Amino acid sequence: MQRKSRPKLAIWKFASCDGCQLSLLDCEDALLAVADAVEIAYFPEATRTVVKGPYDLSLVEGSITTQHDAERIHRVRRASKVLVTIGACATAGGIQALRNFKDVKTLTSLVYATPKYIETLSKSTPIADHVFVDFELRGCPINKAQLVEVIIAYLDGRKPNTPHYSVCMECKRRGTPCVMVAAGTPCLGPVTQAGCGALCPAYQRGCYGCFGPSESPNTRAISEQWKAMGKTPQELVQVFRTFNAYADAFRKESDVHEG
Amino acid sequence: MRMTRASTEKSRSQQVIERRDFQLLLDALMAKGYRLIGPRARDGALVYDEIAAVADLPVGLTDEQERGTYRLKAGDPERLFGCGLGPHSWKKYLYPPELRLWQAQRQNGNMTIVPEPHAPERLALIGMRACEIQALAVLDKVLLGGAYVDRAYQAQREQVLVVAVNCGRAGKTCFCASMNSGPRASTGFDLALTEVLERDRHYFVVESGSKVGADVLSAVPTSPALEADLQKANAIIEQTAGQMGRSLDTHRLQEMLYASTESPVWDEVAARCLTCGNCTLVCPTCFCTTVEDYTDLTGETGSRVRRWDSCFTMDFSYIVGGHVRASARARYRQWMMHKLATWKDQFGTSGCVGCGRCITWCPVGIDITEEAQTIRAQNEAKQDTGTRRKKTS
């Protein structure tokens, strides 16, 4: 071990499915090396042992959906030197941000037997809407290799290699023929940020946009192409309203087709 | 194939391989220690991958291509090379999408650089088309021609044997004829085949372009090509040349592009361009890469990795203060200008070989030949107005 310190790592959960923080436990061979390099100080999903803060590096999963969480995130921020949000919920509001397009009271009355017990905000919002975020790691779920890369980059004080360009870059590097061109399969890859390794197209599926909008997404042009492939405006609304529905570029494009 | 090679009259003599003996050609190459790379059908497209037998080739298949669309379909049932180009280009074997350049190891407080061994393989590239040979010549200029040679490329390039195939059909996005890069392979190959498929005979007219090629051929049953065979092969290539689905008028094109840096064309393209980078990654001559440094969890090892990059990514032009080409307009202009104009100033050749991949594999079907034509039309219109003004004044 050449690094001088062993920073304290905390993992926090907000409104989410836990899939992203499980990516850390899913690191298999790398997990022991992670535990060597950092002190896992707060990780309720993995251990009841809690080391007191403040924490050097906080990984925050989930979105803000309640008043309670809107206050709690400030305490997390105060307890963290560096705060990294992980996953579509924390970076874009997640699938639960679908509520943002409707009236939340109508939704709670449809979903819950006794809606009066439900205290919730009208919108699900990303962490960066509430506190300063040092780095955002995209994905639904995040890619565990990228998570480890972010941790290493933090340890070495360098920028993580997590590109913001399109999924097409990864598709082409791995030699997958374009599913839009070769099969007429609608794919969000050209407007979606890389990071998954172009998983779906490798299995002849179109990209679902799990990593959110790419750095310069021309959503209008891809929509036009999808329309030419036979997609209706209603379908286009659904296509952009998934895990990253409330990410700016996808939200705006879905609004256009809602008409 | 070696970089330079004197082709003697003798080695240029043409032979005929019957279709039934074609496997023996592949066997002869493997016997000489070559791994065979050739066209195969996979995931609905033609890709380049390892082959060992005739059956691995896309036998009986052909393709239909247009801007933004590609479909494999049934062709002449017996034909071995009836498919045109797919999304892959040979650069992936010579200039891989991802290459670790070196590692660094920490030892007793010091850092040791561990060079990456470039262990080139003997590769026989089967089915290379004329435009692709030209693309290799362009890459040779870029990566080997200047003061700084790409050593990994060089090492692999020296171990490559090229078995070219003259095109028997041009696709709808092909325009090699206007770029003077095809459809006939005239140089840069070890062997060049023309597939002749007749009702009662299926054979290949073979031209050897090097000593190595001639040696390989001597291990395969052949007969000397008769005048009639040569005429048939020629007629096939001539016919292909007349079938080009696209054309690109290169007359004064460079000049016109330079006069069009602020043309509204770029805004119009930018409205459609996804900035996804597909055109650059399917292009057989695009050579831009990015270099990423990695460290590991232990803090003991670092590495430097080179990856295919694209002038359509934001980071490509990132410098202190921001992205030089933040708009799609600037990025498309950069790419097209480089391919068709500044490449010539930089390397003395066109960066475009007319393979048409960027047209077929653009998900929204942006067509470089069409954009060039629009620029030409605008330039000519401007000149007309200029001349008219002069006349009236």
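The values are calculated or read from the model by the stated rules, or taken from the named source; none is laboratory data. No experiment lies behind these values; they were computed from the predicted model shown. When we count neighbours, we look across all protein chains shown, and the Cβ atoms used for this are built from the backbone with ideal geometry, even at glycine.
Looking at the stretch B:286-310 only, could you name the residues that are at the interface with chain A (Cβ under 7 Å from one of its Cβ atoms), in a loop (DSSP other than H, G, I, E, B) and closer than 24 Å to B:ALA152 by Cα?
B:SER310
Does B:LEU340 satisfy the condition of being among the aliphatic types (A, V, I, L, M) and within 30 Å of B:TYR70 (Cβ to Cβ)?
Working: among the aliphatic types (A, V, I, L, M): yes; within 30 Å of B:TYR70 (Cβ to Cβ): yes.
Spelling it out, B:LEU340 is indeed among the aliphatic types (A, V, I, L, M) and within 30 Å of B:TYR70 (Cβ to Cβ).
Restricting the stretch B:82-111 to residues that are assigned to a strand (DSSP E or B) and modelled with pLDDT of 95 or more, which is farthest from B:VAL212 (Cα to Cα)?
So in the stretch B:82-111, the residues assigned to a strand (DSSP E or B) come out as B:98-107, B:110-111.
After this cut, where a residue has to be modelled with pLDDT of 95 or more as well, the list is B:98-105.
Details: B:GLU98: 30, B:LEU99: 29, B:ARG100: 31, B:LEU101: 31, B:TRP102: 33, B:GLN103: 36, B:ALA104: 40, B:GLN105: 42 Å.
Per the stated criteria, the residue is B:GLN105.
Out of the stretch A:228-242, which residues are closer than 15 Å to A:GLY206 by Cβ and either without any contact (Cβ under 8 Å) to a residue 40 or more places away in the chain or not charged (D, E, K, R) (or both)? Give the derivation first.
Initially, the stretch A:228-242 is screened for residues closer than 15 Å to A:GLY206 by Cβ, giving A:228-231, A:235-236, A:238-240, A:242.
Of everything in the stretch A:228-242, those that are closer than 15 Å to A:GLY206 by Cβ and either without any contact (Cβ under 8 Å) to a residue 40 or more places away in the chain or not charged (D, E, K, R) (or both) turn out to be A:ALA228, A:MET229, A:GLY230, A:GLU235, A:LEU236, A:GLN238, A:VAL239, A:PHE240, A:THR242.
Which of the residues spanning the stretch A:188-205 are closer than 13 Å to B:ASP43 by Cβ and either within 11 Å of chain B (Cβ to nearest Cβ) or assigned to a helix (DSSP H, G or I) (or both)? Spell out the reasoning first.
Here is the first cut: in the stretch A:188-205, the ones closer than 13 Å to B:ASP43 by Cβ are A:198, A:200-205.
Correct list: A:CYS200, A:PRO201, A:ALA202, A:TYR203, A:GLN204.
Would you be able to say whether some residue in the stretch A:82-105 is among the aliphatic types (A, V, I, L, M), assigned by TED's automatic domain parsing to the domain that holds A:LEU22 and in contact with a Pro (Cβ under 7 Å, 6 or more places away or on another chain)?
Within the stretch A:82-105 (the criterion being among the aliphatic types (A, V, I, L, M), assigned by TED's automatic domain parsing to the domain that holds A:LEU22 and in contact with a Pro (Cβ under 7 Å, 6 or more places away or on another chain)), the answer is yes, since at least one residue qualifies.
Quick check on the stretch B:269-303: of everything there that is out of contact with any helix residue (DSSP H, G or I) (no Cβ under 8 Å at 6 or more places or on another chain) and of a type outside the set (S, T, N, Q), which residue is farthest from B:THR360 (Cα to Cα)?
Checking each candidate, the answer is B:GLU300.
For the condition assigned to a strand (DSSP E or B), modelled with pLDDT of 95 or more and touching a Cys at 6+ places or on another chain (Cβ under 6 Å), what is the one hit in B:LEU36, B:LEU46?
Working: B:LEU36 fails: touching a Cys at 6+ places or on another chain (Cβ under 6 Å).
After applying the criteria, what remains is B:LEU46.
Looking at the structure I just gave you, is A:THR85 modelled with pLDDT of 95 or more, away from every other protein chain (no Cβ under 14 Å) and in contact with a strand residue (DSSP E or B) (Cβ under 8 Å, 6 or more places away or on another chain)? I'd like the intermediate steps shown before the answer.
On the way: modelled with pLDDT of 95 or more: yes; away from every other protein chain (no Cβ under 14 Å): yes; in contact with a strand residue (DSSP E or B) (Cβ under 8 Å, 6 or more places away or on another chain): yes.
Yes; evaluated as a whole, the condition is true for this residue.
Counting only residues that are at pLDDT 95 or above and away from chain A (no Cβ under 14 Å), give me the helices (runs of 4 or more DSSP H) lying completely in the stretch B:203-285 with at least 1 of them.
Values: elements: B:211-218, B:227-241, B:253-258, B:265-272, B:278-282.
It comes to B:211-218, B:227-241, B:253-258, B:265-272.
Mind checking whether some residue in the stretch B:327-334 is surrounded by fewer than 18 Cβ atoms within 10 Å (Cβ to Cβ) and not in a helix (DSSP H, G or I)?
Yes, the stretch B:327-334 has at least one match.
Matching residues to (1) away from chain B (no Cβ under 14 Å); (2) touching a helix residue (DSSP H, G or I) at 6+ places or on another chain (Cβ under 8 Å):
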{"position": "A:ALA10", "(1), (2)": "yes, yes"}
{"position": "A:ALA35", "(1), (2)": "no, no"}
{"position": "A:VAL38", "(1), (2)": "no, yes"}
{"position": "A:ALA41", "(1), (2)": "yes, no"}
{"position": "A:ALA46", "(1), (2)": "yes, yes"}
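Conditions (1) free of Cβ contacts under 8 Å to residues at least 24 places away in the same chain; (2) touching a helix residue (DSSP H, G or I) at 6+ places or on another chain (Cβ under 7 Å), marked per residue:
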residue: A:ASN100; (1), (2): no, no
residue: A:VAL104; (1), (2): yes, no
residue: A:SER109; (1), (2): yes, yes
residue: A:PRO115; (1), (2): yes, yes
residue: A:ILE127; (1), (2): no, yes
residue: A:HIS130; (1), (2): no, yes
residue: A:LEU147; (1), (2): no, yes
residue: A:VAL150; (1), (2): no, no
residue: A:LYS159; (1), (2): yes, yes
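Right, B:THR313: facing chain A (nearest Cβ under 8 Å) and β-branched (Val, Ile, Thr) or not? Even if it seems obvious, please write down each step before you answer.
Values: facing chain A (nearest Cβ under 8 Å): yes; β-branched (Val, Ile, Thr): yes.
Yes.
Pairs please, first residue from the stretch B:34-47 and under 16 Å from B:GLY82 (Cβ atoms), second anywhere and among the small types (Gly, Ala, Ser) and in a strand (DSSP E or B), Cβ atoms under 8 Å, 6+ apart in sequence or on different chains.
Short answer, once both residue conditions are applied: B:GLY38/B:GLY127; B:PRO39/B:GLY127; B:VAL47/B:ALA41.
In the stretch A:174-187, which residue that is facing chain B (nearest Cβ under 7 Å) and free of Cβ contacts under 8 Å to residues at least 24 places away in the same chain is surrounded by the most Cβ atoms within 10 Å (Cβ to Cβ)?
The qualifying residue surrounded by the most Cβ atoms within 10 Å (Cβ to Cβ) is A:CYS178.
Of the residues B:PHE347, B:PHE316, B:PHE312, which is more than 30 Å from B:GLN105 (Cβ to Cβ) and within 17 Å of the chain's Cα centre (by Cα)? Break it down stepwise before answering.
Numbers: B:PHE316 fails: within 17 Å of the chain's Cα centre (by Cα); B:PHE312 fails: within 17 Å of the chain's Cα centre (by Cα).
Result: B:PHE347 is the single residue among B:PHE347, B:PHE316, B:PHE312 that is more than 30 Å from B:GLN105 (Cβ to Cβ) and within 17 Å of the chain's Cα centre (by Cα).
Return the residues of the stretch A:206-228 that are at the interface with chain B (Cβ under 7 Å from one of its Cβ atoms), small (Gly, Ala, Ser) and over 19 Å from the mean Cα position of the chain (by Cα); say none if nothing qualifies. Walk me through how you get there before you give the answer.
Step one: list which residues in the stretch A:206-228 are at the interface with chain B (Cβ under 7 Å from one of its Cβ atoms), which gives A:215-216, A:218, A:221-222, A:225.
Filter once more, so that each one left must be small (Gly, Ala, Ser): A:216, A:221.
Matches in the stretch A:206-228: A:ALA221 only.
Any idea which of (1) buried (at least 16 other Cβ atoms within 10 Å of the Cβ); (2) away from every other protein chain (no Cβ under 11 Å); (3) of a type in the set (A, V, I, L, M) is the one B:ILE319 doesn't satisfy?
Exception for B:ILE319: condition (1).
Just to verify a result, which residue in the stretch A:141-173, among those that are in a helix (DSSP H, G or I), under 18 Å from B:THR290 (Cβ atoms) and not hydrophobic (A, V, I, L, M, F, W, C), is farthest from the other protein chains (Cβ to nearest Cβ)?
Residues of the stretch A:141-173 in a helix (DSSP H, G or I): A:144-156, A:167-173.
Now drop any that are not under 18 Å from B:THR290 (Cβ atoms), which leaves A:145-146, A:149, A:153, A:167-173.
Checking the rest, the ones that are also not hydrophobic (A, V, I, L, M, F, W, C) come to A:146, A:149, A:170, A:172-173.
Values: A:GLN146: 12, A:GLU149: 8, A:GLU170: 10, A:LYS172: 4, A:ARG173: 4 Å.
Looking at residues that are in a helix (DSSP H, G or I), under 18 Å from B:THR290 (Cβ atoms) and not hydrophobic (A, V, I, L, M, F, W, C), I get A:GLN146.
In a loop (DSSP other than H, G, I, E, B), within 14 Å of chain A (Cβ to nearest Cβ) and under 20 Å from the mean Cα position of the chain (by Cα): is that true of B:LEU72 in this structure? Reasoning before the result, please.
Values: in a loop (DSSP other than H, G, I, E, B): no; within 14 Å of chain A (Cβ to nearest Cβ): yes; under 20 Å from the mean Cα position of the chain (by Cα): yes.
Criteria not met by B:LEU72.
From the list B:ALA53, B:ALA28, which one is surrounded by fewer than 17 Cβ atoms within 10 Å (Cβ to Cβ) and at pLDDT 95 or above? Please lay out each step first, then the result.
On the way: B:ALA28 fails: surrounded by fewer than 17 Cβ atoms within 10 Å (Cβ to Cβ).
Residue meeting the stated conditions: B:ALA53.
Take the conditions without any contact (Cβ under 8 Å) to a residue 60 or more places away in the chain and more than 9 Å from every other protein chain (Cβ to nearest Cβ) and apply them to B:TRP335. Does it pass? Quick ask: steps written out before the conclusion?
Numbers: without any contact (Cβ under 8 Å) to a residue 60 or more places away in the chain: yes; more than 9 Å from every other protein chain (Cβ to nearest Cβ): yes.
Against the criterion (without any contact (Cβ under 8 Å) to a residue 60 or more places away in the chain and more than 9 Å from every other protein chain (Cβ to nearest Cβ)), B:TRP335 qualifies.
Looking only at residues in the stretch B:346-366 that are touching a residue at least 12 places away in the same chain (Cβ under 8 Å) and surrounded by fewer than 22 Cβ atoms within 10 Å (Cβ to Cβ), which one is nearest to B:ALA177 (Cα to Cα)? Give the derivation first.
Filtering the stretch B:346-366 for residues touching a residue at least 12 places away in the same chain (Cβ under 8 Å) gives B:347-366.
Filter once more, so that each one left must be surrounded by fewer than 22 Cβ atoms within 10 Å (Cβ to Cβ): B:347-349, B:364-366.
Working: B:PHE347: 21, B:GLY348: 19, B:THR349: 16, B:VAL364: 25, B:GLY365: 21, B:ILE366: 20 Å.
Filtering first and then ranking leaves B:THR349.
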